[in-house]
Amino acid sequence: MTARTVESVEPHAPPAGRRIARRPNRWNLLGVAAVAYVVLQVASVVTTNENFAWPMIGRYLFAPPILHGIGLTIWLTVVVMLIGVLLGVPLAIMRISGNPLVSGAAWCYVWVFRGTPLLIQVIFWFNISALFPVIHLSIPFGPSLALGSANSLITPLTAAVIALALNEAAYMAETIRGGLLGVDQGQRDAARALGMTGSGVLRMIMPQAMRMIIPPTANNTITTLKNTALVSVIGIADLLHSAQIIYAQNYQTIPLLIVAALWYLALTSLLGIGQNRLERHFGKGARPMAARGRDGR
Amino acid sequence: MTDVMLEVRAVRKSFGHVEVLRGIDLTVPAGNVACIIGPSGSGKSTLLRSVNALESVDAGEIRLGGELIGCTERGTGLVALPEKQTAAQRARMGMVFQRFNLFPHLTALENVMAGPVRVQRRPKDEVRREASDLLDRVGLADRVEYYPAHLSGGQQQRVAIARALAMKPELMLFDEPTSALDPELVGEVLDVMRELARDGMTMLVVTHEMGFAREIADTVTFMDEGVIVEHGTPAEVIDSPRHERTREFCARI
Ligand SMILES: Nc1ncnc2c1ncn2[C@@H]1O[C@H](COP(=O)(O)OP(=O)(O)OP(=O)(O)O)[C@@H](O)[C@H]1O
Ligand SMILES: [Mg+2]
């Protein structure tokens, strides 16, 4: 009864405007054709070219040396990121300290370690014994304590960790500095006005800086994971070098490189998923302050 | 004779080559409300920040209850205090900012508790009770668990006032506390400030709310280009200014 009354009040549908059809885009069609051609071509080559040796790839994908190499690659990534962050925090604080000498020193560090190829840094630390045959603990121009020969102290693995971590610290320092600078100056003022000093102020703004630090750090981690492949040049059995050792014996270079590449791709994809999650999580509160002051209750 | 709470003498401050404060003298007796007005860039914020030692001044003296702020006597001159001691002096003054500057990752209650817990190192339970009372006093008893992002501008500024009051300050500094607010939210903040003034709080307020200044202020100071042009009762400065610049400014507001 009531339904009918409503209908009778509004007997006509609102006047519908005539639909406007979209004009097909010639370039779109051309693009689709080009992509289809390339995909089919690649698929035919990959499946028909015997040299890809897919059964070989399948055989080695889970071979113990490869799995061992993956373990080492992951271990290196974790250790390097940890040290990188631990060194990056003080470097970042030095950079934004008002003292020109202190911030200059941090700037210099970042300049050197970001400005030279990582490959050179890896080889450099591996050959450090040529520069310092014996490693000392000393004060400038003062007494020193010999710790041992560089060759025994700096194993290839130590050299790899040092090289990657010192390099990563430079990138982390910049990431952390960006995060700290990104916090509104008013936050620092408010903390200081309450009577907080340097470390207290830092503790107050760190949680806010984290929002801006964490997403690029996830990105740095992906880069570091790929960079660990460079340590294969100093003979560390990481993922890439483990593959190299195998193909040095059986000459199946391409299949084993594909095995390594597939694993790197899997690991970076996993990290990428994690990064997306983090970005979504930390992006939530990141609305600008100005919008906040006025968005009602 | 009333006690002097704040005394500013011949204060000078430059940023690079620009002298922003060019010899400021100002006295605020205990329990008084002193309003500062003046055009943009005249140095009002810089004066307030200097009083709170957020900026270090180049010359002159600032005294809170007779004690030098930010520096100390050495021989015939003055030398800056170590940061720790300056921070302890800042804790004796409450500051309210134009843009509220609440800590976005803390709730209203946690914002109010931050100073007493982290700076004065007082027991949390006791501070929590006081903080709830303060939020109640500024009319936000039902918003204690809200994050700043979920509060209106007026509510945020009232939390900021409560946060400053939690330190039991001897002097409250307000830097244009209502000028970032939508007009309909100005009143609730001014109400809280009016209440504070009635309770005898000493207040130094930079504001363009002439009605508020007329009603609450004991003195009004007009600043321009880093100097004090005119100082007197609200009636004198706002309603019958003696200087041309003051007259122009008040006519524009
Ligand atoms: N940190 C700083 N570095 C350099 N110059 C500054 C700094 N802070 C303020 N100034 C300059 O000092 C002058 C006075 O600024 P101040 O913020 O005290 O003015 P104000 O009277 O508060 O103005 P407004 O009404 O716009 O807030 C301005 O010219 C400003 O550009
Ligand atoms: Mg100002």
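Miscellaneous remarks
- Close Cβ contacts (under 9 Å, 6 or more residues apart or on different chains) running from residues in region A:90-110 that are more than 18 Å from A:GLU168 (Cα to Cα) to residues that are outside any helix (DSSP H, G or I) comprise A:SER103/A:SER97.
- Identity of the residue in region B:140-165, surrounded by fewer than 18 Cβ atoms within 10 Å (Cβ to Cβ) and within 8 Å of another protein chain (Cβ to nearest Cβ), that ends up nearest to A:LEU194 (Cα to Cα): B:ALA149
- Pairs linking a residue in region B:121-140 that is without any contact (Cβ under 8 Å) to a residue 60 or more places away in the chain to a residue that is exposed (fewer than 13 other Cβ atoms within 10 Å of the Cβ), with Cβ atoms under 7 Å and 6 or more positions apart or on different chains, are B:LEU135/B:ALA141.
- Any hit, region B:42-50, residues being closer than 22 Å to B:ALA160 by Cβ, among the small types (Gly, Ala, Ser) and facing chain A (nearest Cβ under 9 Å): no
- Among the residues making up region B:43-63, those that are away from ligand 2 (no atom under 16 Å from the Cβ) and crowded, with 21+ Cβ neighbours inside 10 Å are B:ALA53, B:VAL57, B:ILE62.
- As a summary of the residue check, B:ALA87 satisfies the conditions (1) among the hydrophobic types (A, V, I, L, M, F, W, C); (2) within 16 Å of ligand 1 (Cβ to nearest atom); (3) in contact with a Ser or Thr (Cβ under 7 Å, 6 or more places away or on another chain) except for the one numbered (2).
- Region B:66-85: number of residues that are facing chain A (nearest Cβ under 9 Å) and either touching a residue at least 24 places away in the same chain (Cβ under 8 Å) or out of contact with any Gly (no Cβ under 9 Å at 6 or more places or on another chain) (or both): 1
- Extreme residue, farthest from A:PHE126 (Cα to Cα), among residues of region A:192-231 that are facing another protein chain (nearest Cβ under 8 Å), in a helix (DSSP H, G or I) and small (Gly, Ala, Ser): A:ALA193
- One residue stands out in region B:213-247 among those that are small (Gly, Ala, Ser) and within 16 Å of ligand 1 (Cβ to nearest atom): the one that is nearest to B:LEU196 (Cα to Cα), namely B:ALA213.
Residue by residue, here is whether (1) within 14 Å of chain A (Cβ to nearest Cβ); (2) over 26 Å from B:THR207 (Cβ atoms); (3) within 16 Å of ligand 2 (Cβ to nearest atom); (4) buried (at least 22 other Cβ atoms within 10 Å of the Cβ) holds:
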| residue | (1), (2), (3), (4) |
| --- | --- |
| B:ARG90 | yes, no, no, yes |
| B:VAL96 | yes, no, yes, yes |
| B:HIS105 | yes, yes, no, no |
| B:VAL117 | yes, yes, no, no |
| B:ARG122 | yes, yes, no, no |
| B:ARG129 | no, yes, no, no |
| B:LEU135 | no, no, no, yes |
| B:VAL138 | no, no, no, yes |
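- Boolean, B:ALA180 is in contact with a helix residue (DSSP H, G or I) (Cβ under 7 Å, 6 or more places away or on another chain) and away from ligand 2 (no atom under 16 Å from the Cβ): no
- Residues located in region B:179-188, provided they are more than 12 Å from every other protein chain (Cβ to nearest Cβ) and under 15 Å from B:VAL206 (Cβ atoms): B:VAL186
- Residue match in region B:1-15 (condition: within 14 Å of chain A (Cβ to nearest Cβ) and within 16 Å of ligand 2 (Cβ to nearest atom)): no
- On the stretch given as region B:188-212, residues that are in contact with a helix residue (DSSP H, G or I) (Cβ under 8 Å, 6 or more places away or on another chain) and within 15 Å of ligand 1 (Cβ to nearest atom) total 6.
- Summed over region A:144-166, residues that are in contact with a strand residue (DSSP E or B) (Cβ under 7 Å, 6 or more places away or on another chain), over 22 Å from A:ILE83 (Cα atoms) and in a helix (DSSP H, G or I) total 0.
- Listed by first and then second residue, the pairs linking a residue in region B:198-223 that is within 14 Å of another protein chain (Cβ to nearest Cβ) to a residue that is within 13 Å of ligand 1 (Cβ to nearest atom) and in a helix (DSSP H, G or I), with Cβ atoms under 8 Å apart and 6 or more places separating them unless they lie on different chains, are B:LEU204/B:LEU48; B:LEU204/B:VAL51.
Bear in mind that the values in this text are calculations on the coordinates, not laboratory data. What you see is a predicted model, and the numbers here were worked out from it, not measured in a lab. All Cβ positions, glycine included, derive from the backbone under ideal geometry; neighbour counts span all protein chains shown.
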